[in-house]
1. In Å, the Kirkwood hydrodynamic radius of the chain over pairs of distinct alpha carbons?
2. Under 1.5 on a/c is rounded, so check that first for segment 65-106, then, if it is not, pick prolate when a/b is larger than b/c and oblate when it is not; a ≥ b ≥ c are the square roots of the alpha carbon gyration tensor eigenvalues.
3. So with the 1.4 Å probe, I'd like the accessible area per residue for segment 63-187, rounded to whole Å².
4. So which residue, out of 41, 94, 167, gets the largest mean-square fluctuation from a GNM of the chain using Cα contacts under 10 Å as springs?
5. Relative to the Cα centre, what is the charge dipole magnitude of the chain, using +1 at the beta carbon of each Lys and Arg, -1 at the beta carbon of each Asp and Glu, and rounding to the nearest 20 debye?
6. In nm, to one decimal, how far is the residue 8 label point from the residue 38 one, both placed 7 Å along Cα→Cβ?
7. Would you compute, from DSSP H runs of 4+ residues alone, the mean residue ellipticity of the chain at 222 nm, taking -39500 (n - 2.57) per run and dividing by the full residue count, rounded to the nearest 500?
8. Mind putting a number on the dipole of segment 1-92 about its Cα centre? Charges go on the C-beta only, +1 for Lys and Arg and -1 for Asp and Glu, and I need it in Debye to the nearest 20.
Amino acid sequence: DRDRLRQKHGISRSDLGLMFGGGDWERKGVPYIIGALSLLTRPDVQLVVVGSGDRKFYGQLAELKQVRERIIFISHSSALWEYYAASDVFVFPTIYEPFGLVIVEAMASGLPVITSRVAGAADLIIDGVNGLLLSSPSDVNGLAEKIELLLSNAGLRRTMGERARETAEKFSWDQVAQETLEVYNSV
């Protein structure tokens, strides 16, 4: 799936792939990802933004930041897992997110995740172990540094991704259902 999807969107095998998934792009940090992408000096980084948002506005922002040719906007996908498979790092610098299922999905896919501490799912992340946490989602320089850290170290990406998957495996739907039933029974 990785190679097929990359070929479909013109992403070479040697390119490094960042992924964002979700709607409400302003709140979930797409402007910060675009800003961070503009600070990376590597020409081999592609960003895939999957979900609903103002593609025209963010396309113009990317033009202004001179990174438009490195961003692919995907309106919707019923097979989000294919995009996780085609990516190397999941980036989600949200301003506010009660939980963020996409974060856990990315972790379950074996991707290292960069998100902000205000995301509810950030409680699952041990900074530097199974993901990276941003103190401030608007810290574009800090986000660029964390992206660069992961992109420049394949071993760290792999190890962090493996640990992310191990963490996510503890949160299956069966387990969530069982814990919900336990709460109902205790009430």
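1. 16.6
2. Oblate, because a/c is 1.5 or more while a/b does not exceed b/c.
3. Per-residue value: 52 Å².
4. Taking springs between Cα atoms under 10 Å, the residue moving most is 41.
5. I would put it at about 620 debye.
6. Each label point is offset 7 Å from its Cα along the Cβ direction, giving 3.0 nm.
7. -13500 deg cm²/dmol
8. I would put it at about 100 debye.
The values are calculated or read from the model by the stated rules, or taken from the named source; none is laboratory data. All figures in this text were calculated on a predicted structure; none of them were measured in a lab. Here the Cβ is made from the backbone with ideal geometry for all residues, glycine too, and neighbour counts use every protein chain on show. Accessible surface is based on the protein model in full, side chains and every heavy atom, while ligands, DNA and RNA are left aside. Shrake-Rupley method; radii C 1.70, N 1.55, O 1.52, S 1.80 Å.
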